[in-house]
Every structure is written in C-alpha cells, then in structure tokens.
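What follows is a short report on a single structure.
The values are calculated or read from the model by the stated rules, or taken from the named source; none is laboratory data. Predicted model only: the values in this text are computed from it and were never measured. Here the Cβ positions follow ideal geometry from the backbone for every residue, glycine too, while neighbour counts run over all protein chains shown. We work out accessible area using only protein heavy atoms, side chains counted, and drop any ligands, DNA or RNA first. Shrake-Rupley method; radii C 1.70, N 1.55, O 1.52, S 1.80 Å.
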Amino acid sequence: GGRMMLQIAICDDERKIVDKLEKIIREYFKDGNVIALYNFFDAKTVLNCNIIFDIIFLDIELKNHNGIDIAKELQQKSINTKIVFVTNYVQYIRSAFQVHAFQYILKPVKVKEIKDVLNECVRYIQQRNNKKLLTIETNEGIVDFDLFDIYYWEFNNRRIYIHTNQGCYHKSGTLKIIYNDLKTYGFGMPHNAYIVNYYNIRNIKGYEITMKNGDIVPLAQKRAVKFKNSFYDFLHETFYYL
C-alpha cells in the first residue's frame, strides 16, 4: 500500500530504554512511513492519552502496574493497537498469551529484534487498512460492515441476530450458509447456533467464550477441541508469537 501515518508509543519507566527504542524506531522509519512517536514513563499517562496508537512498546514491569493489565485496558480502547511487550523476564511470556501481543522483546533490546517486530507490525497495519467490507441485507436495511465490526452471529427463534459494534441487526436464513461464506475471513463456529469473529474473542475459559464486547458465547463440548485448534492456528497466522 501507500505510505501511512503511524502513531507509536513507548512506555517504560527507564529513560535509557526509551531513548534506545526511540533511536531504533526513528532509524527504521527514516525513509518510509511518517510516524508520530510519543514517550511515556508511566502507565497512567498512556491510558489517559486519547490518541489511538498503532503500535505500543510496553514495559511489563512498570512501577505499581502490571503491563499485562495495562495492555488489556489499551485493547479495550482499540482492538487494533499492536502491543509489543518489553521485559527482563522470559516467564511473562506465558501469561501474556491472553493479550494479542505481537511479541516479547527481552532487555537489553537488540536492534534486529525490534526491526523484525516493526516489519510484522507494519504488515499487519497495512492489511488492517485494506478494510474488508461485508454488505449484509438485514431486516433493518442493507448495511455495510467492516469485518472487524462484527462480534458474532446468533441463531435464535428462527432468526439470525448479528451482534456488531453498531448495535444488533437481524435477518432470516440459516447460519450454515453464512458460515461457508465467512470461514475464510477468520470466523469460527463454536456451537451450531453461533458464529464468532476470532478477532473479537477476548478469552476462552472452559466452555465459555467471552467476546470483546463482554457477551458470552457457548462453546459446545463436542466442538471444543477443533474450535480451539482453529482459533489458535488463526492467532499464529495473524499475530506473531514467539
């Protein structure tokens, strides 16, 4: 795609880490996309900032805060912010799986690792910017949705309900046909009455899937293993895990 304007934040309470990251990031972008780079030395200011960032380099061990909790709050503000954890400790990598973070960079930070992460982030943002629009004929009229706007589809009482960040729409039909059209776009069927958008899953515990809007979708026991496998495959393809 063409050039983009990227909003990037660094949040770490060690000034020398911030300076080093800033230098590498500026160097990486010097001939390419335009960036606005913001430095934060504590979590509160990042959370109170009303800029929606494309990429945030976030220290996991912030004074008085756990970076993973901060990441979850940032993700509630914007699902599309790519969070890169910067940490001294390998053991955090497990617990951070529940946040769609791209990557973990271990201190001391290495130039090549940061450049690899930035390559990945930029590729993701370019894909994200080539919006996939879905036009749906609903009982409320014909509506255009960005695929990211749809949380899940629900079949109930002989009607299909489409739960989106613009409200709930409904139409007639069956989920089977819709699922065939959607499965290549990151949608899965955890239950014969539901189709969920993998992008908008917050977590899966037992046989319950919590969506980013807080709704709970059931996971049928006999579908659980297959569904989870396809969800994790999707995460590995879409996000960048180490």
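Here are some notes:
- In the range 75-90, the qualifying residues are those that are within 19 Å of I25 (Cβ to Cβ) and under 10 Å from the mean Cα position of the chain (by Cα), and the one that is surrounded by the fewest Cβ atoms within 10 Å (Cβ to Cβ) is N80.
- In the range 121-147, the residues that are open to solvent by 70 Å² or more (accessible area, probe 1.4 Å), touching a Gly at 6+ places or on another chain (Cβ under 8 Å) and in a helix (DSSP H, G or I): N129
- Only listed residue being under 30 Å from D116 (Cα atoms) and either among the hydroxyl-bearing types (S, T, Y) or at pLDDT 95 or above (or both), chosen from Y179, Y232: Y232
- Against the numbered list (1) at pLDDT 90 or above; (2) assigned to a strand (DSSP E or B), L118 comes up short only at (2).
- Subset of the range 1-59 (residues that are more than 21 Å from E120 (Cα to Cα), under 23 Å from the mean Cα position of the chain (by Cα) and not basic (K, R)): D12, N39, F40, D42, A43, T45, V46, L47, N48, C49, N50, I51
- Scanning the range 60-71 for residues that are closer than 20 Å to L106 by Cα and either of a type in the set (K, R) or not in a helix (DSSP H, G or I) (or both) returns I60, E61, L62, K63, H65, N66.
- Which listed residue is open to solvent by 80 Å² or more (accessible area, probe 1.4 Å), over 17 Å from the mean Cα position of the chain (by Cα) and of a type in the set (F, W, Y), from Y179, Y207, Y194, Y169: Y207
- Filter result for F40 (modelled with pLDDT of 90 or more and crowded, with 20+ Cβ neighbours inside 10 Å): yes
- Matching entry among D54, D13 (being of a type in the set (D, E), touching a residue at least 12 places away in the same chain (Cβ under 8 Å) and buried (at least 17 other Cβ atoms within 10 Å of the Cβ)): D54
- For the range 1-50, the set of residues classified as among the basic types (K, R) and in a helix (DSSP H, G or I) consists of R15, K16, K20, K23, R26, K44, listed by residue number.
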